[in-house]
1. Among the residues of region 332-350, is any in contact with a Lys or Arg (Cβ under 9 Å, 6 or more places away or on another chain), at pLDDT 95 or above and among the small types (Gly, Ala, Ser)?
2. Scan region 272-307 for residues that are of a type in the set (Lys, Arg) and without any contact (Cβ under 8 Å) to a residue 40 or more places away in the chain and jot them down.
3. Please report, ordered by residue number, the helices (runs of 4 or more DSSP H) entirely within region 126-232 with at least 3 residues that are touching a strand residue (DSSP E or B) at 6+ places or on another chain (Cβ under 9 Å).
4. In region 76-100, which residue that is in contact (Cβ under 8 Å) with a residue 40 or more places away in the chain and of a type in the set (D, E, K, R) is surrounded by the most Cβ atoms within 10 Å (Cβ to Cβ)?
5. For the condition surrounded by fewer than 20 Cβ atoms within 10 Å (Cβ to Cβ), assigned by TED's automatic domain parsing to the domain that holds Leu87 and of a type in the set (A, V, I, L, M), what is the one hit in Ala142, Ala135?
6. Determine, yes or no, whether Thr70 is among the β-branched types (Val, Ile, Thr) and surrounded by fewer than 19 Cβ atoms within 10 Å (Cβ to Cβ).
Amino acid sequence: MRPTGKLHLGHYHGVLKNWVKLQHEYECFFFVADWHALTTNYDDPSRIEESVWDMVIDWLAAGVNPGSSTMFIQSKVPEHAELHLLLSMITPLGWLERVPTYKDQQEKLREKDLATYGFLGYPLLQSADILMYRAGRVPVGADQVSHVEITREVARRFNHIYGREPGFEEHAESAIVKMGKKNAKLYRALKKRYQEEGDLEALETARALLKEQQNISLGDRERLYGYIEGGGKVILPEPQPLLTPESKMPGLDGLKMSKSYHNTIGLREEPDSVAQKIRTMQTDPQRVRLTDPGEPEKCPVWGLHEVYSDEDTKQWVQKGCRSAGIGCLECKKPVIDAIVEEQRPLHERAAEYESSPDLVRSIIEEGCERARDAARDTLEEVREAMGLSYR
Ligand code: SF4
């Protein structure tokens, strides 16, 4: 998660509650992506440090447990930068230019100059972040699936250049069949010539032959490139996305809760401020007076009832609103109470950590050490595979 400011209840319901669950089901690595914060905020790094520690405390307050997961800061594990650099050597520029968020974000953040090398490469930095821990699953929202996809392509390419996947032969053989009889026969003959006689011309011809094939996927093409030259083991396993259900948490205006919409309630917002924000929320515009009936579906407060209220309360709202039997302030009260109640343990846990910054630092230090151990193992293999493990 990028440290770009204090977290809000949208993050809590959308991401953190899921992490708290995942940490008991998988071995989890959660990290503060401070380098990623620089890809769009490179011109103003002044808030990064404060945001990093605020965010770590938000995680701890939400129940992310350093005993059940590894929590660390990206820039404290510099191996991420090395893997990013090494992967950049084999990543075609077109793959990065095609990532949907590249153009989208440039459009959305027009006031910033994002025609930078770092911004183009940030999905590859993410790939390094993922592949570093040989992650099996990456918890992402639907909009981030393309980033996991490019990570899979990078891993596949790496393995085909420097290693080999399980079942490689079978996959390669069925890919050959897909090229059609004539091309398959030619490919096999060229492969034999190259492998038995070291004929480089045969290798070149086989590569050109693969390039013009329309019937095989990118993955198959990579496989067949590797198959001509023999192979090895899987060094960087391909991760799968683990889709996080979309957060239903609405903001104060009924739209998705998001900092850019200025409609948030902070994860650790003070109870008075929560009450104040909700009391001043817009309601159904038809309810000008207390005696005017309203329609919950047209009121942003209803969205919050859907998240926080039980069936009885929801029926009380529906009936009371449509019959003008309850006032809007009365209707908002159970929502205020539920949010304040939800935040109570978060405030308590956060207070503990806020009063002992050394404890927070040592949790992160330990996490960074654990992450570095795993990262060193991966990099050792990567360096060896790339011929860089000499003294
Ligand atoms: S009574 Fe509740 S649901 Fe109806 S308009 Fe007022 S705040 Fe909205």
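The values are calculated or read from the model by the stated rules, or taken from the named source; none is laboratory data. Fair warning: this is a prediction, and the values are worked out from it, not measured in the lab. Cβ atoms come from the backbone with ideal geometry, glycine included; neighbour counts cover every protein chain shown.
1. Among the residues of region 332-350, at least one is in contact with a Lys or Arg (Cβ under 9 Å, 6 or more places away or on another chain), at pLDDT 95 or above and among the small types (Gly, Ala, Ser), which makes the answer yes.
2. From region 272-307, those of a type in the set (Lys, Arg) are 277, 279, 287, 289, 298; that's our starting set.
If the condition is that a residue be of a type in the set (Lys, Arg) and without any contact (Cβ under 8 Å) to a residue 40 or more places away in the chain, then Lys277, Arg289, Lys298 are the ones that fit.
3. Values: elements: 145-162, 168-178, 181-197, 200-211, 218-228.
So the answer is 145-162.
4. Applying the filter and picking the extreme gives Glu79.
5. Numbers: Ala135 fails: surrounded by fewer than 20 Cβ atoms within 10 Å (Cβ to Cβ).
Only one candidate qualifies: Ala142.
6. On the way: among the β-branched types (Val, Ile, Thr): yes; surrounded by fewer than 19 Cβ atoms within 10 Å (Cβ to Cβ): no.
When the stated conditions are applied, Thr70 does not pass them.
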